[in-house]
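The values are calculated or read from the model by the stated rules, or taken from the named source; none is laboratory data. From a predicted model like this one, the values you see are computed outputs, not experimental measurements. Because the Cβ atoms are built from the backbone with ideal geometry, glycine has one as well, and the counts that use them run over all protein chains shown. Accessible surface is based on the protein model in full, side chains and every heavy atom, while ligands, DNA and RNA are left aside. Shrake-Rupley method; radii C 1.70, N 1.55, O 1.52, S 1.80 Å.
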Amino acid sequence: QVQLVESGGGLVQPGGSLSLSCAASGTIFSINAMGWYRQAPGKERELVARISSGGITNYADSVKGRFAISRDNAKNTAYLQMNSLKPEDTAVYYCQVRIVRLGAFWGQGTQVTVSS
C-alpha cells in the first residue's frame with residue numbers, strides 16, 4: 001500500500017509565496033516521475049509541474065519562471081515552491097507519484113487560495 005501525504009497550501013495575497021510538499025510512504029520499489037496538478041472550480045485538472053527520476057523538469061506555461069519543482073529521493077518527497085502567486089493560481093493542488101511496478105498514485109489535494 002502506498003500513501004501520499006501533502007502539506008502546505010493555504011491563503012496568500014497576490015504576489016506572495018507558498019510551498020507544498022508531498023511525501024510518499026509504503027511499499028515503494030522506486031519512484032519515476034513526481035508531479036503537481038491543480039484543479040480550479042469548474043475546470044479540468046491540469047499539469048502544473050513534473051520532475052523525472054533524473055531531475056528533468058517541465059512546467060505549464062502559466063507557471064514558468066514562478067514555480068519550481070524539486071524532489072528528495074532519499075525521503076520520497078516532492079516539493080513545489082510557488083512564488084509571485086496570482087489569483088488565477090487558486091485551485092486544489094494534487095501531487096501525483098508514479099511508482100515502478102505499481103503505477104500512479106494521487107495525493108488527497110490541498111487548497112491554495114490567492115486573494116487580497
Heavy-atom accessible area of the chain with neighbours in place, 1.4 angstrom probe: carbon+sulfur share in percent works out to 47 percent
Would you work out which of S30, A91, S116 lies farthest towards the positive end of the dipole of the chain? Charges go on Cβ: Lys and Arg +1, Asp and Glu -1.
-> S30
Probe 1.4 Å, accessible area per residue of the chain, Å² = 52 Å²
Are there trypsin sites (Lys or Arg not before Pro) in the stretch 62-116 that DSSP marks as loop and that have at most 13 other Cβ atoms within 10 Å, and which are they?
-> K64, R101
Which value, to two decimals, describes the C-alpha radius of gyration of the stretch 58-116 once divided by 2.2 N^0.38 Å?
-> 1.27
Could you give the radius of gyration (one decimal) and Dmax (whole number) of the Cα atoms in the chain, in Å?
-> 13.6, 45
Environment charge of M34, counting only residues whose C-beta is closer than 9 Å and scoring Lys/Arg +1, Asp/Glu -1 | +3
Under a point-charge model restricted to the Cβ atoms of Lys and Arg (+1) and Asp and Glu (-1), what is the dipole moment magnitude of the chain relative to its Cα centre, in debye to the nearest 20?
-> 200 debye
Enter the mean projected area of the convex hull around the alpha-carbon atoms of the stretch 1-58, in nm², rounded to one decimal.
-> 5.6 nm²
Would you please give the residues with an amide H less than 5 Å from that of S53, counting only those at least 5 places away or on a separate chain, with H modeled from the backbone geometry?
-> A33
Test item: Cα-centred dipole of the stretch 35-91, Lys/Arg +1 and Asp/Glu -1 on Cβ, debye = 100 debye
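Please arrange V5, V92, V48 by accessible surface area, largest first, computed with a 1.4 Å probe and ligands excluded.
Greatest to least solvent exposure: V5, V92, V48.
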Quick one: compute the contact order of the chain, relative version, from alpha carbon pairs under 8 angstrom and 6+ residues apart, as a percent.
-> 37 percent
